[in-house]
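Enquirer: Sending over a structure as structure tokens; questions will come in a sec.
Just so it is clear, none of the values below were taken in a lab; they were calculated from the coordinates. Keep in mind that what you see is a predicted model, and the values were worked out from it rather than measured. Cβ sites come from the backbone with ideal geometry, for glycine too, and all protein chains shown count toward neighbours.
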Amino acid sequence: MKAIRRTTLALTAAALLAAPLAALAQDIKPRLIRFGYGLNEQSNQGRATRLFAEQVEKLSAGKMRVRAVGAAALGPDTQMQQALIGGAQEMMVGSTATLVGITKEMALWDTPFLINNVREADALLDGPVGQKVMDKLQEKGLVGLVYWENGFRNLTNSKRPVTKAEDFDGIKLRVMQNPVFLETFKSLGANAVPLPFSELFSALETKTVDGQENPYNTILSSKFYEVQKYLSVTNHVYSPWIVLASKKWWDGLSADEKKVLLTAAKASRDFERKDTREEGAKALADLKAKGMQVNELSTAESARMRDKLTKINASVAANVGMDLWNEAQAELKKMRGAK
Ligand code: TK8
């Protein structure tokens with residue numbers, strides 16, 4: 001009798017403890033965030049992603065955890081965007097250029113020579129125009145948090161130094177999966193082929209394509225100097241990256257969790273821009289030391305190239321809408337006037 005009573009008591013006590021313990025376990029099990037990106041872990045994208053992950057863990061006191069997956073191991077940009085929309089993946093960072101199929105306003109950032117320097121880039125992206133473009137993502141199932149710097153893009157190839165538009169002739173050039181980039185390089189006379197970034201290195205290595213264009217940082221971190229001899233300083237467009245969340249997932253977060261992510265995203269943006277600019281300032285010398293042959297464009301050739309590309313402006317403006325286009329132009333004009 002006594003033994004039975006003891007067992008019953010023990011069982012009751014265990015049952016009483018079990019419920020709160022289960023609740024507690026639920027509480028302390030961190031919310032896992034799969035965060036994908038395209039470059040490798042040693043890149044500026046990798047470094048800023050690590051900082052974002054640290055900030056999320058710190059600000060949430062360990063209740064949220066970021067599992068960062070680089071080198072397009074979760075798929076190229078376009079595939080991750082679809083995973084976010086469907087709710088199969090929580091977050092990513094990637095090019096705005098690959099988002100145009102989802103949100104046409106993103107094409108604003110693809111306009112050749114739109115932005116002249118990083119001061120203009122920061123002001124435009126972090127100001128009302130950047131916010132307006134970002135907000136357009138929501139109706140498509142994505143939430144844009146912040147813009148990071150990919151940077152001013154420069155041309156590399158394995159055939160010849162490109163010093164004038166005519167030198168593009170016969171160069172098979174990989175471009176991002178984006179109609180404005182395709183049109184830009186066709187207008188300059190290149191044979192432009194869209195390819196995801198994840199396939200680029202091997203396409204260059206096997207000479208499936210002769211060239212590509214990306215910021216110095218990426219040419220360095222992705223080791224394109226191993227398969228590309230010539231670098232032409234074209235600075236033909238400033239490319240942003242954008243940190244995205246799945247809206248399906250985001251809508252289920254608490255206000256506190258959203259705040260953690262936004263704060264961490266802003267910290268990662270500030271870190272990333274500084275880090276990218278520091279690395280970028282040294283990268284050209286590094287690329288020369290790795291054996292790349294670098295050429296600048298003369299002022300006259302650079303002006304000719306811009307001229308050839310002005311017709312692209314009209315098609316971007318028509319695509320993103322005249323209001324947005326004019327607002328961006330007005331902001332740039334104001335900044336340039338207030339130098
Ligand atoms: C990385 C890409 C890359 C971009 C490109 O996923 O594709 O050339 O510049 O940064 O988004």
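Enquirer: Given only helices, namely DSSP H runs of n ≥ 4 each adding -39500 (n - 2.57), what is the per-residue ellipticity at 222 nm of the chain, to the nearest 500 deg cm²/dmol?
Expert: About -16000 deg cm²/dmol.
Enquirer: Of all beta bridges DSSP finds with both residues in the chain, what is the antiparallel percent, to the nearest 5? Please report the intermediate quantities before stating the final value.
Expert: Values: 21 of 38 bridges.
If we restrict to bridges inside the chain, about 55 percent are antiparallel.
Enquirer: Below 8 Å, C-alpha to C-alpha, sequence gap of six or more: please give me the relative contact order for the chain in percent.
Expert: On the way: 566 pairs, mean separation 81.8, N = 339.
Over the chain, the number comes to 24 percent.
Enquirer: If you take the charge dipole of the range 19-141 about its Cα centre, with +1 on Lys and Arg Cβ and -1 on Asp and Glu Cβ, which of Gly94, Phe52, Pro112 is farthest toward its positive end?
Expert: Farthest towards the positive pole: Phe52.
Enquirer: Still on this structure, please answer the following. Determine the gain in length on full extension of the stretch Val233-Asp286; use 0.36 nm per residue of separation and subtract their C-alpha separation, reporting nm with one decimal.
Expert: On the way: separation 53, 0.36 × 53 = 19.08 nm, distance 1.46 nm.
Here the segment from Val233 to Asp286 would lengthen by 17.6 nm.
Enquirer: Here's a follow-up. Apply the a/c threshold of 1.5 to the C-alpha gyration tensor of the range 139-281 and tell me whether it is rounded, prolate or oblate.
Expert: Numbers: a/c = 2.62, a/b = 2.00, b/c = 1.31.
Judged from the Cα gyration tensor, the range 139-281 comes out prolate (a/c at least 1.5, a/b above b/c).
Enquirer: In the chain, if the dipole is taken from +1 on Lys/Arg beta carbons and -1 on Asp/Glu beta carbons about the Cα centre, which of Thr310, Phe201, Thr156 is farthest to the positive end?
Expert: Farthest towards the positive end: Phe201.
Enquirer: A follow-up question, please. Return the long-range amide H neighbours of Met64 (sequence gap of 5 or more, or a different chain), with a cut-off of under 5 Å between placed amide H atoms.
Expert: Arg31
Enquirer: Once both labels are modelled 7 Å past Cα along the beta-carbon direction, what's the Arg119-Lys248 spacing in nm?
Expert: Those two pseudo-labels are separated by 4.5 nm.
Enquirer: Please label the shape of the range 267-339 as rounded, prolate or oblate, based on the square roots a ≥ b ≥ c of the eigenvalues of the alpha-carbon gyration tensor (a/c under 1.5 means rounded; beyond that, a/b larger than b/c means prolate, else oblate). Before the final figure, lay out the partial values.
Expert: Values: a/c = 2.34, a/b = 1.38, b/c = 1.70.
Since a/c reaches 1.5 but b/c is at least a/b, the shape of the range 267-339 is classed as oblate.
Enquirer: Once you place label points 7 Å from the Cα toward the Cβ at Ile28 and Asp323, how far apart are they in nm?
Expert: 5.2 nm
Enquirer: Return the subset of Lys223/Lys308; Lys132/Lys274; Lys247/Lys274; Lys104/Lys223; Lys63/Lys266 for which the Cα-Cα distance in this structure is over 27 Å, preserving the input order. Numbers along the way, then the final one.
Expert: Values: Lys223/Lys308 31 Å; Lys132/Lys274 24 Å; Lys247/Lys274 29 Å; Lys104/Lys223 32 Å; Lys63/Lys266 19 Å.
Lys223/Lys308; Lys247/Lys274; Lys104/Lys223, as the Cα separations exceed 27 Å there.
Enquirer: Shape verdict for the chain, please, from the Cα gyration tensor: rounded (a/c under 1.5), prolate (a/b greater than b/c) or oblate. Intermediate values should be presented prior to the final figure.
Expert: Details: a/c = 2.67, a/b = 2.05, b/c = 1.30.
It comes out prolate by the Cα gyration axes.
Enquirer: Further question on the same structure: Ordered by packing density, taken as the mean number of other Cβ atoms within 10 Å over each peptide's residues, highest first, how do 150-156, 110-116, 225-231 rank? All intermediate terms of the calculation are to be shown ahead of the outcome.
Expert: Numbers: 150-156: 24.1, 110-116: 20.6, 225-231: 18.4.
Going from most to least packed, we get 150-156, 110-116, 225-231.
Enquirer: Further question on the same structure: Provide Trp241, Trp250 in ascending order of the number of other Cβ atoms located within 10 Å of each residue's Cβ, fewest first. Please report the intermediate quantities before stating the final value.
Expert: Working: Trp241 27, Trp250 21.
Result, fewest neighbours first: Trp250, Trp241.
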